[in-house]
Amino acid sequence: MYLTKEKREEIFAQYGANAKDSGSTEAQIALFTYRIQHLTELMKQNKKDQVTERALVGLVGKRRRMLDYLKANDIERYRAILKKLNLRK
């Protein structure tokens with residue numbers, strides 16, 4: 001399993017307020033980014049896997065909406081999370 005409880009808590013601790021902070025926008029964006037990177041690697045190996053491709057497109061859309069929300073409400077947090085995660089916009 002690629003996403004263990006410990007890995008989730010590590011992501012939440014790094015990007016959220018604490019290890020149990022799963023609700024903050026930054027923590028959710030970081031988790032989506034981790035999952036997107038994992039699915040991207042799977043797609044490189046299995047180019048015809050349509051189920052994984054659909055899941056990947058869905059996650060990218062969710063992350064995009066979260067980033068748009070953050071940009072509209074707090075531009076400084078938006079810029080900070082883009083920089084931390086090395087996302088380009």
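Helices in the chain, meaning DSSP H runs of at least 4 residues, each add -39500 (n - 2.57). Divided by all residues, the mean residue ellipticity at 222 nm is -25000 deg cm²/dmol. Taking the accessible area of the chain, probe 1.4 Å, and keeping the other protein chains in place, the carbon and sulfur fraction comes to 50%. How much length, in nm to one decimal, is gained on full extension between S24 and L42, taken as 0.36 nm per residue of separation minus their Cα-Cα distance? Gain on stretching S24 to L42: 3.7 nm. For the chain, the relative contact order works out to 20 percent when only alpha carbon pairs closer than 8 Å and six or more residues apart are counted. For the chain, the dipole from Cβ point charges (+1 on Lys and Arg, -1 on Asp and Glu) about the Cα centre works out to 360 debye, to the nearest 20.
With a cut-off of 15 Å between beta carbons, the residues surrounding M43 carry a summed charge of +2, where Lys and Arg count +1 and Asp and Glu -1.
For the stretch 27-86, what percent of Cα pairs sit more than 17 Å apart? Result: 41 percent of Cα pairs exceed 17 Å. Restricting attention to the chain, the count of lysine pairs at 8 or more positions apart or across chains with alpha carbons under 18 Å apart stands at 8. Calculated from the alpha-carbon coordinates, the stretch 1-57 shows an Rg and a Dmax of 12.9, 39 Å respectively. Normalised per residue, the accessible area of the chain is 71 Å², obtained with a 1.4 Å probe and no contribution from ligands, DNA or RNA.
The values are calculated or read from the model by the stated rules, or taken from the named source; none is laboratory data. Note that the structure is predicted; figures quoted are calculated from it, not measured. As a convention, Cβ positions derive from the backbone with ideal geometry for all residues, glycine included, and neighbour counts pool all protein chains shown. Please note that ligands, DNA and RNA were not included when accessible areas were found on the heavy atoms of the full protein model with its side chains. Shrake-Rupley method; radii C 1.70, N 1.55, O 1.52, S 1.80 Å.
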